[in-house]
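Quick notes on the structure that follows.
The values are calculated or read from the model by the stated rules, or taken from the named source; none is laboratory data. Computed from a prediction, not measured in an experiment: that's the story for all the values here. Please note: Cβ atoms are built from the backbone with ideal geometry, for glycine as well, and neighbour counts cover all protein chains shown. The accessibility values were calculated without ligands, DNA or RNA, using every heavy atom of the protein model including side chains. Shrake-Rupley method; radii C 1.70, N 1.55, O 1.52, S 1.80 Å.
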Amino acid sequence: KNPKEPDESLPSSGKRDRTSAFSDISILEVLPSNDGSKVITSVDGPPQKVPRTDSMDSSEDQKKNGNSSDDSSNDGNVALSDRLSDADSIASCTIIGPTNGSAGASLQNEKLHNEIENAAGTDDEFEMPECDEYFLSLVKLDPIPNADPLPCLLPREVAQLELALQIGPKFKDHSDDYSWREDWNGNLQLVDKDLIMNREALGKNPMAKQITIPFCEWVAKFARHADDFTNVKYLFSYVYNMKGTPSMAKRIMAHYIQCPASSIADRLKFIVQASQRISYDPIVLKQDGWTTAKTDTPDGVTGGAYLIGRKIMWQRSEAIIIAFVRDDGLGDLWKCMWVEDFDTFDLEADELQEGIKRWERKMVREKSTSKSTKTHKISSSRFEQSRSFTVKGIEDGIILATSYKTKSGRPWPARIMHVTEVKAMGCKST
């Protein structure tokens, strides 16, 4: 059936809804056979052959000659209307095997149920590990409720996200950060990536100053309402479906990007909270291979997890060690958190030792200052009586001195002049 021909069962727009186009289709797998026909296998029935048609031959000949209209390199730029047209084509074909009834519906329901269960995880998986007590007293670890799983991105959505994040070879002229990162956490940190706003001006004058704005703030700047954070949601979905992303990180992202927000500022606040919570959450760290419990004895030459809970000075600010991991490529790594704003960072062994030494020097200075202050408070006993000197009625004024050189006609007691009055009047004596 030609999908371009109008169908009385379709709406007046001539397009079938994107979701409804696939709602009655079972999961199929199309395999080529030796005799040129197609074999369609359904999970609900045995494989059956479909005879080869002229349209199949012509389409394959076009692909061999390089005239195919389906270019995988431009898949991300395919218009949504074209994808809906493809959905109409699939929906109008004759599907071999059971497509309706309780079997197909139960399969879809079971698949959705499994996705939600996988996102939810098990109770043991989300059990809070042992952590440093001082660290737990600083942060607020409220329970995160389950939320609907974030879907995988279509090629068009990935292309839109890469354009928004300025990822791709065409962006390498003005930045070294123009590609995806290897791990899930690195890609999640792209939410704070600085976007270059004056690329055209830099193309004309490479010496011009770059004008940048963080990715998340840029999305919020052009958002029309609290749910108009599409590119941030795409980034969360991309990281959510990456291999190796911890289940707790998935739960945090899904909750904060989908929870109700009353304003654009609230949604931006939720996104910042999600990124920060993932960076120090003990369950996320445990699922990602980190150790959050302090050991009783030093582990190896560097100390390992034995250093968890120690304070350090880094970038002139106080921080605390919250986790440890032994990486095969980088060696021993410690995750630290600034006490002031809860931002986290990783340090290697030599960097950590430098941070510990800075903290110890700071403690010595403060101890020395404290002793000096106590020394200055000890004063002579000669003025102890004057410190507690009080006179009844002093609130009404009192004369503490009298002059033997009084001028005639001036009543006594005379008012004592302030030094500023003496200078203003030009008097040389009082």
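Look at segment 161-190: where a residue is free of Cβ contacts under 8 Å to residues at least 40 places away in the same chain and a partner is part of a loop (DSSP other than H, G, I, E, B) and charged (D, E, K, R), sitting 6+ places away or on another chain with Cβ atoms under 6 Å, you get TYR178/LYS172. Against the list (1) under 25 Å from VAL191 (Cβ atoms); (2) part of a helix (DSSP H, G or I); (3) hydrophobic (A, V, I, L, M, F, W, C), the condition ALA323 fails is (2). Restricting attention to segment 182-192, the residues that are open to solvent by 80 Å² or more (accessible area, probe 1.4 Å) and among the polar types (S, T, N, Q) add up to 1.
Which residue, of TRP334, TRP338, is at pLDDT 95 or above and more than 27 Å from PRO143 (Cβ to Cβ)?
Details: TRP338 fails: more than 27 Å from PRO143 (Cβ to Cβ).
Only one candidate passes the filter, namely TRP334.
For segment 292-327, filtered to residues that are farther than 17 Å from GLU351 by Cβ and in contact with a Gly (Cβ under 8 Å, 6 or more places away or on another chain), the residue that is most open to solvent (accessible area, probe 1.4 Å) is LYS294.
Please go through segment 294-324 and pick out each residue that is within 12 Å of VAL339 (Cβ to Cβ) and of a type in the set (Ser, Thr, Tyr).
Kept after step one, since they are within 12 Å of VAL339 (Cβ to Cβ), are these residues of segment 294-324: 311-314, 317-322.
If the condition is that a residue be within 12 Å of VAL339 (Cβ to Cβ) and of a type in the set (Ser, Thr, Tyr), then SER317 is the only one that fits.
Of all residues in segment 300-314, those being out of contact with any Ser or Thr (no Cβ under 8 Å at 6 or more places or on another chain) and in contact (Cβ under 8 Å) with a residue 12 or more places away in the chain number 9. Six or more apart or on different chains, Cβ atoms under 8 Å: show the pairs whose first residue is in segment 329-345 and in a strand (DSSP E or B) and whose second is among the aromatic types (Phe, Trp, Tyr) and open to solvent by less than 20 Å² (accessible area, probe 1.4 Å). Here the result reads ASP332/PHE324; LEU333/PHE324; TRP334/PHE324; LYS335/TYR280; LYS335/PHE324; MET337/PHE135; MET337/TYR280; THR344/TYR280, each pair linking segment 329-345 to a residue that is among the aromatic types (Phe, Trp, Tyr) and open to solvent by less than 20 Å² (accessible area, probe 1.4 Å).
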